[in-house]
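Notes to accompany the following structure.
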Amino acid sequence: MSIKVAKFGGTSLADAEQFRKVRAIIEADRSRRYIVPSAPGKRHPQDHKITDLLYQCHDLAQQGHPFEDIFSLIAGRYLGIIRDLGLNLDLTPALEEIRNRIAAGASADYTASRGEYLNGLILAAYLGFEFVDPTSLIFFDTQGNLAIEKTQSTINNALTRKTNVVIPGFYGARPDGQVQTFSRGGSDITGALIARGVQADLYENWTDVSGFMMADPRIVTNPKPIEQLTYRELRELAYMGATVLHDEAIFPVREAKIPIQIKNTNRPDDPGTLIVGDNGGPKKPGSITGIAGRKGFTIITVEKNLMHSELGFGRRLLSVIENNGISFDHMPSGIDTISLVIADTQLNKKLDKVLAEIKRDCQPDSIEVVHDIALITTVGLGMAYTPGIAGRLFSALSEINVRMIDQGSSEINIIIGVENKDFEEAVRRIYYAFVD
Ligand code: ASP
């Protein structure tokens, strides 16, 4: 029988009704043997995520303020789920211990991790599965980096012979045994690590959308779903803002050639999106896979006559950026120009200093700064080596001022920079140029 790891996100486990759907999904396929839950998410847009409330408790406790009211909200959510499911599980001692530890100065990571821990206890009891704490499976080193080898071999030894296990997402242990969490949304990473460790055939990621859409539904009405895409395509789309999956969740399963299936807990019959190895993707010539983008970039263009023959110019320019702790996103260049495309969050009030240092170290003829830029990436394996794609894309944008063009050397994407105000319109035009 094949082995599946199924990770369920916060909205999939937000209340008893969602727990029931999750159990039905798991019971419908016995190969769903390893289950990774998140903490309860929002039940409606005005609701709170348990993880956010836990961080608030931690902050209040650190400042010496009472956190009881918020903690009662958290306890109430869990106790309500247990009651509504009719479960015979006494969570009070666990809640009491957590409350005491927060009051005694527990770390933010420990406090936040309890969201997944408690949800894991409930889910395990509800499914009749074994509960395995991830502090015995997932390890970080003293610097806080994931100890990947130790984690993989431990998961492999501890879990392969087990079946029907619940492992809470989002955290593991440091060498001293203290809890450490991944960054926000990190239960996706836990699921990927478990899938890799047990050499699963499929990593299912259950959420509240039916996979990736070809464009953001807030911009394009009813965009088509992406039924299949490759890890490389996903990486391009995710980097530019198409979020369904945590960025770092891709690497463990990609290396192990395990496909990821994104599925919707509320519409389990929808096909969702299957993410496959880099050779297995759809390659219909001339087709695109998806469009994604983000606002909030600045382009710094440095011009100097005969730049191309000046030894060390690029290094000096990039040293300025590096010395200011800034990373850049793109670096399109011409014969006598180099542009740096930098996210505004990176630049963060350092622009004047950076410009002064570029003048000092590179002695350019001119520097031009363009603010309020949005980047849009059009991605698709079907674009590579297909003549006419760029022509189609740019004729769709004929009335829009394109401020930058960059094509990845893999030819699976074309990135353009437009003014923030033109962002949505540009995305729509590209979409309708390729999708009927
Ligand atoms: N509960 C954590 C968060 O809200 C981790 C997760 O949901 O994946 O970030």
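Please state the shape class of the stretch 74-224: rounded when a/c is under 1.5, otherwise prolate if a/b exceeds b/c and oblate if not, all from the C-alpha gyration tensor.
Rounded shape, in that the Cα axes give a/c under 1.5.
Volume of the convex hull of the chain (Cα atoms only), normalised per residue: 174 Å³.
Given N residues in the stretch 307-415, what is its alpha carbon radius of gyration divided by 2.2 N^0.38 Å?
Working: Rg = 16.1 Å, N = 109, 2.2 N^0.38 = 13.1 Å.
Dividing the Cα radius of gyration by 2.2 N^0.38 Å gives 1.23.
For a protection proxy built on the mean count of beta-carbon atoms within 10 angstrom, sort 329-335, 74-80 highest first, please. It would help to have the intermediate numbers written out before the result.
Working: 329-335: 14.3, 74-80: 18.1.
Packing order, densest peptide first, comes out as 74-80, 329-335.
How high is the relative contact order of the chain, given as a whole-number percent (alpha carbon pairs under 8 Å, six or more residues apart)?
After rounding, I find 13 percent.
Determine the alpha carbon to alpha carbon distance for each of Lys295/Lys349; Lys49/Lys295; Lys295/Lys359; Lys42/Lys257; Lys224/Lys284 and list only those over 22 Å. Could the numbers behind the result be given before it?
On the way: Lys295/Lys349 17 Å; Lys49/Lys295 26 Å; Lys295/Lys359 27 Å; Lys42/Lys257 33 Å; Lys224/Lys284 16 Å.
Violating the 22 Å Cα-Cα cut-off are Lys49/Lys295; Lys295/Lys359; Lys42/Lys257.
Applying 1/(1 + (r/R0)^6) with r as the Cβ-Cβ distance of Asp269 and Gln46 and R0 = 22 angstrom yields a FRET efficiency of 0.15.
Give the order of His44, His65, His58 when sorted by the count of other beta carbons within 10 angstrom, beginning with the fewest. Display every interim value, and only then the final one.
Details: His44 6, His65 10, His58 20.
Placing the least packed residue first, the sequence is His44, His65, His58.
Modelled label positions at Glu96 and Phe251, each set 7 Å beyond Cα in the direction of Cβ, lie 4.3 nm from each other. Under 18 Å of direct C-alpha separation, and excluding same-chain neighbours fewer than eight residues apart, Lys421 reaches these aspartates and glutamates: Asp216, Asp344, Asp372, Glu399. Kirkwood radius, the stretch 144-217, all distinct C-alpha pairs, inverse of mean reciprocal distance: 14.0 Å.
Only the coordinates and a few stated rules stand behind these numbers; no lab work does. This one's a predicted model, so the numbers in the text were calculated from it and none came from an experiment. Please note: Cβ atoms are built from the backbone with ideal geometry, for glycine as well, and neighbour counts cover all protein chains shown.
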